[in-house]
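The values are calculated or read from the model by the stated rules, or taken from the named source; none is laboratory data. All values reported here derive from a predicted model rather than from experimental measurement. Don't worry about glycine lacking a Cβ; one is built from the backbone with ideal geometry, like all the others, and counts go over all protein chains shown. Side chains are part of the model used for accessible areas, which takes the heavy atoms of the whole protein and leaves out ligands, DNA and RNA. Shrake-Rupley method; radii C 1.70, N 1.55, O 1.52, S 1.80 Å.
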Amino acid sequence: MPTYEYQCVKCKKRHDVFQSITAKPLSRCPACKGPMKRLLGSGSGFLFKGGGFYTTDYRSKSYHDAKKKDQPAKPSGDQKAS
Ligand SMILES: [Zn+2]
């Protein structure tokens with residue numbers, strides 16, 4: 001689930017909100033009920049958190065690739081090893 005960053009226009013407070021992609025965006029600041037804007041694109045925070053999926057995916061994949069290369073002569077080292 002991605003984390004969306006909102007900033008309240010009124011009190012400038014930032015809120016990190018876990019939402020599914022299909023969820024409605026927050027429009028009201030929970031603190032002061034002021035209007036909120038979603039920080040997208042501009043924030044490296046979103047990229048960092050939102051990219052987590054891809055990063056993890058990519059890393060584990062290359063990690064496994066490297067592992068395979070490391071031990072080419074071991075077809076079964078799956079669950080029993082540790
Ligand atoms: Zn506010």
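What to note about this one:
- Restricting the first member to region 1-22 and to residues that are over 13 Å from L39 (Cβ atoms) and of a type outside the set (V, I, T), and the second to residues that are near the ligand (Cβ under 9 Å from one of its atoms) and outside any loop (DSSP other than H, G, I, E, B), the beta-carbon pairs closer than 9 Å and six or more apart or on different chains are K10/P35; K10/M36.
- For G45, the requirement of being at positive phi and either open to solvent by 70 Å² or more (accessible area, probe 1.4 Å) or at pLDDT below 80 (or both) is not met.
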